[in-house]
1. Can you tell me how many residues in region 98-125 are of a type in the set (D, E, K, R) and more than 30 Å from LYS24 (Cβ to Cβ)?
2. Within region 66-78, does at least one residue satisfy the condition of being among the charged types (D, E, K, R) and either touching a residue at least 40 places away in the same chain (Cβ under 8 Å) or not assigned by TED's automatic domain parsing to the domain that holds LYS153 (or both)?
3. Among the residues of region 23-40, is any loosely packed, with under 14 Cβ neighbours inside 10 Å, in contact with a Leu (Cβ under 7 Å, 6 or more places away or on another chain) and not assigned by TED's automatic domain parsing to the domain that holds GLN147?
4. Search region 59-108 for residues being hydroxyl-bearing (Ser, Thr, Tyr) and surrounded by 15 or more Cβ atoms within 10 Å (Cβ to Cβ), and hand back the single one that is farthest from TYR35 (Cα to Cα).
5. Enumerate the strands (runs of 3 or more DSSP E) found wholly within region 60-156, keeping only those where 1 or more residues are modelled with pLDDT under 90.
6. What is the number of the single condition among (1) out of contact with any Cys (no Cβ under 6 Å at 6 or more places or on another chain); (2) in contact (Cβ under 8 Å) with a residue 12 or more places away in the chain that VAL99 does not meet?
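The values are calculated or read from the model by the stated rules, or taken from the named source; none is laboratory data. Because the structure is predicted, anything quoted here is derived from the model rather than measured. Don't worry about glycine lacking a Cβ; one is built from the backbone with ideal geometry, like all the others, and counts go over all protein chains shown.
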Amino acid sequence: MNRLTNGVIGLAIKNSFFFSTAKKAKMELTVRTPYKTIIDKFDGFSRIVAKTNEAALIIQNRTPAAVYILPPGPLKIKFTQDVKGVTGDFLHLGGYVFVNPDNTCEINLLDVVDRKEAKVDQFDKADVKDADTVAGRYAGKIRRAAQRTFIKKATA
């Protein structure tokens, strides 16, 4: 028995705090792009609504830890406190959501625009020449799907 309590199991029992993380009372949210941080460690929100390839994604306080991939589309954050210059209704070009075990959420997006600032009539005006390769055709397919999604969601 002494060998057990002095071995790995005993070390794990004595240092059990080392293996767990302290959870925050309210979830903290950080939303960033490679260019700027939109919201940093903010807890004045009730939920986040986004869309994944599988289904609608709703994140709120005490959501289990997970990683999600976000395809281009809408992102809504329901605020319980005012945030200067942020409406919480966005269109984004895709990204990742990390819900951490310590009740924090990080959303990393390629680019994001406020839905009210989006110019819907300009979405299909871009003249982009895709390479005549498999990768070029695939990129064009993704771009057209994103255009349709943005036009549909921006006018809704």
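1. Final tally of qualifying residues: 6.
2. yes
3. No, the conditions are met nowhere in region 23-40.
4. Among those residues, the one meeting the criterion is THR63.
5. 73-79, 89-92, 112-114
6. Unmet condition: (1).
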